[in-house]
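Values quoted throughout were computed directly from the atomic coordinates according to the rules given, and no laboratory measurement underlies them. Note that the structure is predicted; figures quoted are calculated from it, not measured. With ideal geometry, Cβ positions are generated from the backbone for all residues, glycine too; neighbour counts draw on all protein chains shown.
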Amino acid sequence: MHSTLRRILTVGVVCAITGVTVSASRSERRLDNGLARTPPMGWNSWNKFGCNVSDRLIREVADAISSNGMREAGYQYVTIDDCWQVGRTPQGLIVADSVRFPHGMKALGDYVHSRGLKFGIYTDAGRKTCEGRPGSYGYETIDARTYASWGVDYVKIDWCNSEGLDARTQYTIFRDALASSGRKIVFSICEWGRNRPWDWAPGVGNLWRTTGDIADRWSSVLTLVDLSSQYWHVAGPGGWNDPDMLEVGNGGMTATEYRAHFSLWAMMAAPLIAGNDVRIMMDSTRDAAATREILLNTEVIAVDQDSLGRQGTIVQASPSELQVWVKPLSDGSRAVLLFNRASVPSTITANWGRVGLKTNKARVRDLWAHTETAVVENFYATTVPSHGVVMLRVWPVAD
Ligand code: GLA
C-alpha cells in the first residue's frame, strides 16, 4: 500500500478509537518545546564505556568529535550515561563523583560547549539508576534546575527501580520540571517500550525508547528493527522512536552489518547516537576506516535528518527476509533500502510503483557507492550481500 495512504489510515484508526479528530490528536499529543526537529545526533558513553566515565574521557571525546568530521556531519550531543553520580547533599542536591569529575559538571559542560558541542546527562525516574546510583524520584524539579545550572542540553531518563510508579505520570513530572528549569533541554525517555510509550510519549518527550538495550551483535539489530519499525506513524519533528544507540565501531559485527545497522536507523528516522570510542576513529587501521566510512556518510545522514521527518516503512517483504523500505523525503525524492536478512547474497527488486513514484522513470543515487544513474525505468534490481543493504535515493523523472 502507498505509505502516505497507510499513514492516514493508521492515524484514522487511532482516532476512531479515541474519538479525537486527526488534526487535534496529532498536534495536542506532541511536545512542542522547539527541540529535536530532526532526530538528535551525538555520542553517549554507555555502549563502549559502561560505568567507566570520567571528566577526562568526556573531554577527549569532545576533542575527537570536534576534529574528526563528526561535528560537521551533525553529531552534536555528548552525553554522560550512568555512574557519574554518587549521592545527595542534605538539601537534596545531586552530587557528582569528585574523583572521576574533579572539576565539577559545570566546568565539563563549559568544555563541551567550547568545542561547539552540546552537553547531555543521564538520570533515572525511579529511586535508583540501573547501576544503583541515586535516582531522581521525588527530586525532579531540583535535578532539572541543577542540570540547567550546569549547562545541560539533553537528559536521558531511565526507568530502573521504579516499582509501583506509573511511567506516564513520572515522565510527565519530568517534562514539566525541565520546562520550568530555565533552559532548553532535549528530553530522552528510556523506559524500553515497556509502557506503550508510542501512545503517550510524543506529548511528553523528544525521543522515547521503543526497545530493550541494544547488544553489539546482528541478532540484536534485527530484534530492535522489528520492534521500532511498528510505530512509524507516531514519529515526526520534535518526537522520535528510539531503537537505542549505535554499536557501529564496537567490533561485534562485520562492516556489512554495521552499514546495514546505520542505514536502518536512518530509514527509521532514529536518533543517531554513536556509542564507539571516537578517539581512535582517525587511526590508520581497517576497522577505523570502516567506522569513519559509516558514521561520516553524509548522504545516509541526510536521509535520517530530512526535514519532512517521516519514519520509513517496509513496502515489500516477499520472501520475508528480502525487504524493501521506503522513506519519503522533503524534496519529493524517496530513500529506498534493499535489505537482505538472509544468510546468502540475494537479488532484491524495487518497483517504482511499489516505492510510491508516480513516474516510470527515476534518477537513482546509490548512497554507499556514491554513484548515480540518470534514468532507470520501472524498477531497480541488484544483488544485496547477506546481512547487508543497498541504499538508494530515488528522484522521479517526468515520463
Ligand atoms: C539501561 C538503559 C541503558 C543504559 C543503562 C545504564 O539499561 O537502557 O541505555 O543507560 O541503563 O545503566
Inset, instruction - Kindly work out what percent of the DSSP beta bridges joining two residues of the chain are antiparallel, to the nearest 5. - result: 65 percent
Inset, instruction - Give the calculated FRET efficiency between Leu165 and Thr383 to the nearest 0.05, with a Förster radius of 35 Å applied to their Cβ-Cβ distance. - result: 0.10
Inset, instruction - Tabulate in residue order the Karplus-calculated ³J(HN,Hα) for segment 345-361, using 6.51 cos²θ - 1.76 cosθ + 1.60 with θ = phi - 60°, rounded to whole Hz; enter x for Gly and Pro. - result: x, 8, 7, 10, 10, 10, 7, 4, x, 5, 6, x, 7, 9, 10, 8, 10
Inset, instruction - Give, in nm to one decimal, the length gained when the segment between Asp176 and Asp283 is fully stretched (0.36 nm per residue of separation minus the Cα-Cα distance). - result: 34.1 nm
Legend entry - Compactness relative to 2.2 N^0.38 Å, alpha carbon Rg of the chain: 0.99
Legend entry - Dipole magnitude of the chain about its Cα centre (Cβ charges: Lys, Arg +1; Asp, Glu -1), debye to nearest 20: 720 debye
Legend entry - Calculated from backbone phi, Karplus (6.51, -1.76, 1.60) coupling profile of segment 119-130 in Hz, x at Gly/Pro: 10, x, 9, 10, 8, 9, 6, x, 7, 9, 6, 5
Inset, instruction - Please find the FRET efficiency linking Arg127 to Ser318, where r is the Cβ-Cβ separation and R0 is fixed at 51 Å, and quote it to the nearest 0.05. - result: 0.60
Inset, instruction - Return the calculated 222 nm mean residue ellipticity for the chain, to the nearest 500 deg cm²/dmol, obtained by summing -39500 (n - 2.57) across DSSP H runs with n ≥ 4 and dividing by the residue count. - result: -9000 deg cm²/dmol
Legend entry - DSSP-assigned coil residues among GluC sites (Glu not before Pro) in segment 122-178, each with at most 11 further Cβ atoms within 10 Å: Glu163
Legend entry - Span-rule helices in the chain, defined as complete DSSP H runs reaching 20 Å or more along the axis (Cα) with Kyte mean at least -0.5: 3-18
Legend entry - Rounded to whole Å, sorted largest first: equivalent-ellipsoid semi-axes of segment 194-257, Cα gyration tensor: 25, 11, 10
Legend entry - Theoretical FRET efficiency, 1/(1+(r/R0)^6), r = Cβ-Cβ of Ser114 and Leu35, R0 25 Å, to 0.05: 0.70
Inset, instruction - Tell me which residues come under 5 Å, amide H to amide H, from Val186 once H is placed; ignore anything under 5 positions away on its chain. - result: Tyr154, Val155
